[in-house]
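Everything on this sheet refers to the single structure shown next.
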Amino acid sequence: MWSSPELQKNIVQKLLNKFEKHPLPTTPYLFSNYHAAQSLLYAYASLFDASQADKFAQGAVEALEEFMQVNSEIAHAEVAMAGKYLGAAWLLQHLVNIEILDPEDAEMLSDLDDMIEASLVQNSQHKNYDTLYGLVSKGIYYLERLPHADSARTQLEQIVTSLDQTAIKENGFTYWQDHFTIDEEYQHHVRYNLGLAHGIPGIISFLAKAFQNEILPEVSKTLLEQSVTWLVQQELEDQPECFPLTIIEGAANERQGRLAWCYGDLCIVVALMHASKALDQDQWKQKAIAIALQTTQKATPQEAGVHLSPQDNLMDAGFCHGGGGIAHMYRKLYQATQEEAFQQAADHWLNLLVTQYQENEAQEHYKRMKVNPDTKEPYWVEDYSFLEGYAGIAMVMLGFLDNENNTDWERAFLLDIA
């Protein structure tokens, strides 16, 4: 295990302090809104540190109230986990589920039901299954609501039905065309997305959880079996245990091997782990382990495709596509399999996070890379968000420090595989 928990605690405390000291800009999005990030971080900090539990729990509630207020002021935004209202609703229900809020606090969510259901219908019509912006994002929300709201089961059934109706089915395979992330270069090509953030691994992970919760079990089971069968067939012939990022008909597939929550081979691993757990299929679990073991050979940020600025001693440490997400995913794989190689990989990436902080301690922060849309030149900025900034990094470190409290927040990212 990681040998310096005190250093990790020090880093987490300094990241928590940054939220207290700086005014936070606002957006309506769960994963990029700084108040949402603050609320989730403070909630889990309250579970970790009993001496400051009341302070952080109160801070979590106040930050959630700020987040809800921002949502009410935004006129035009997609209702989604990474969009308007749905992320705030998920966060409120989640704070109830981990007992930061009282159950009656979730009653206000009924006021959002019609808006969320209307967006679900729109997603179905547009064949938008996206994990962050489409049908699967609604599925993640309703799974969080399931024990508390009778209507959640009905909506989950509608999502499974929509996925069934929009699927491509042939020769015992089931898969879905990407209608959401098409870029200009390939706008006239048929595309299949193999990322967790926007692609078929997200659908498979959701269907596994739907089956486990007895949501149209015959339909969800068939979709799950046939989509996993299709997924494993996409393995690159010349690179065993490796998969493309996307499949584009009539064009070369994106083959860049990378490690990340959003795209890459670890997304395939997560989907197979969910499916194997749901249907008790050991061969899928063993395939997931084999793929994941192959990924551990990418031990440097360069090999893993993580953004770097060597001259500034900067590495993207965020959750979405940085070292933080990689460390957390390997930690979950170790918990699910007890394969020592995954614990070693988790500790290795955590060590890179800690080293990154030590090398920039004078600045006392991590940074993430952005690209100037005009010049296409990269630049590095501070970020407080969960997906790419301080909150996500701190949550990952809290997970390494605290094995007593579950990292239930990971359900929002479909990473509850252990």
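Here's how it looks for K84: its modeled amide H is under 5 Å from those of E78, V79, which are all 5 or more places away or on a different chain.
In order along the range 162-170, phi translates into HN-Hα couplings of 5, 5, 5, 6, 9, 6, 8, 10, 7 Hz, rounded to whole numbers, per the Karplus curve 6.51 cos²θ - 1.76 cosθ + 1.60 with θ = phi - 60° and x for Gly and Pro.
Solvent-accessible area assigned to carbon and sulfur over the chain amounts to 44 percent, based on a 1.4 Å probe. Got the relative contact order for the chain handy, in percent, Cα pairs under 8 Å and 6 or more residues apart? In percent, rounded to a whole number, it is 15. Simple point charges give the picture: +1 on the Cβ of Lys and Arg, -1 on the Cβ of Asp and Glu, and for the range 119-167 a dipole about the Cα centre of about 60 debye. For the chain, the solvent-accessible area with a 1.4 angstrom probe is 41 square angstrom per residue.
Multiplying the residue separation of F173 and E214 by 0.36 nm and subtracting their alpha-carbon distance yields 12.5 nm. Which of the aspartates and glutamates could a cross-linker bridge to K277, judged by Cα under 13 Å and excluding same-chain residues fewer than eight apart? Reachable aspartates and glutamates: E225, D416. About its Cα centre, how strong a charge dipole does the range 166-294 have in debye, to the nearest 20, once Lys and Arg get +1 and Asp and Glu get -1 at the Cβ? Computed charge dipole of the range 166-294: roughly 380 debye.
Cβ-Cβ distance of E99 and D282, R₀ of 30 Å, FRET efficiency by 1/(1 + (r/R0)^6): the value works out to about 0.30. Helical runs assigned H by DSSP (4 residues or longer) give the chain a calculated mean residue ellipticity at 222 nm of -16500 deg cm²/dmol, each run adding -39500 (n - 2.57) before division by the residue total. Of all segments of the chain bounded by GluC sites (Glu not before Pro) found in a DSSP loop with no more than 12 other C-beta atoms within 10 Å, the longest spans 100-213.
Whole-Hz Karplus values for the range 337-354 come out as 10, 6, 6, 4, 4, 6, 5, 5, 5, 4, 5, 4, 6, 5, 4, 5, 4, 5 Hz, taken residue by residue from phi with 6.51 cos²θ - 1.76 cosθ + 1.60 and θ = phi - 60°; glycine and proline positions read x. Only the Cβ atoms of Lys and Arg (+1) and of Asp and Glu (-1) were treated as charged; on that basis the dipole of the range 33-185 about its Cα centre amounts to roughly 340 debye. For the range 227-385, build the charge dipole from Cβ charges (+1 Lys, Arg; -1 Asp, Glu) around the Cα centre, then report which of Y263, N372, Q311 sits farthest towards its positive end. Farthest along the dipole direction, towards plus: Y263. Spin-label model, N10 to S110: label points 7 Å out along the Cα-to-beta-carbon direction sit 5.2 nm apart.
The loop-placed chymotrypsin sites (Phe, Trp or Tyr not before Pro) in the range 301-376, going by DSSP, include none that has at most 10 neighbouring Cβ atoms within 10 Å of its Cβ. Of the residues L207, L231, I247, the one whose Cα sits farthest towards the positive end of the charge dipole of the range 198-273 is L207 (charges of +1 on Lys and Arg Cβ, -1 on Asp and Glu Cβ, taken about the Cα centre). Under 13 Å Cα to Cα from K55, which aspartates and glutamates show up? Leave out anything in the same chain fewer than 8 places away. The reachable aspartates and glutamates, counting only those whose Cα sits under 13 Å from K55, are E20.
Maximal additional length on extending the N313-W380 stretch stands at 23.0 nm, based on 0.36 nm per residue less the C-alpha distance.
In terms of the Cα gyration tensor, with a ≥ b ≥ c the square roots of its eigenvalues, is the chain rounded because a/c is under 1.5, prolate because a/b exceeds b/c, or oblate? In terms of gyration-tensor shape, rounded.
Note: relative contact order over the range 285-418, using C-alpha pairs below 8 Å and six or more positions apart, is 24 percent. Annotation: amide H-H contacts under 5 Å for L314 (H modelled 1.01 Å from N, sequence separation of 5 or more, or interchain): S309. At R0 = 30 Å, how high is the FRET efficiency between T181 and N351 if r is their beta carbon distance? Nearest 0.05 is fine. Plugging the Cβ-Cβ distance into 1/(1 + (r/R0)^6) gives 0.35.
Projecting label points 7 angstrom from Cα along Cα→Cβ for A252 and E62 puts them 5.4 nm apart. Across the range 189-329, the mean sequence separation of Cα contacts (distance under 8 Å, 6 or more residues apart), normalised by length, yields a relative contact order of 23 percent. Spin-label pair Q52-S72: with each label point 7 Å from Cα along the Cα-Cβ axis, the two points sit 3.0 nm from one another. Anything over 23 Å Cα to Cα? Flag those among K18/K332; K285/K332; K221/K287; K127/K370, in the order listed. From K18/K332; K285/K332; K221/K287; K127/K370, over 23 Å: K18/K332; K127/K370.
The values are calculated or read from the model by the stated rules, or taken from the named source; none is laboratory data. Remember, it's a predicted structure, so these values are computed and weren't measured experimentally. No Cβ is skipped: glycine too gets one built from the backbone with ideal geometry, and neighbour counts run over all protein chains shown. Just so you know, the surface numbers come from the protein's heavy atoms only, side chains and all, with ligands and any DNA or RNA stripped out. Shrake-Rupley method; radii C 1.70, N 1.55, O 1.52, S 1.80 Å.
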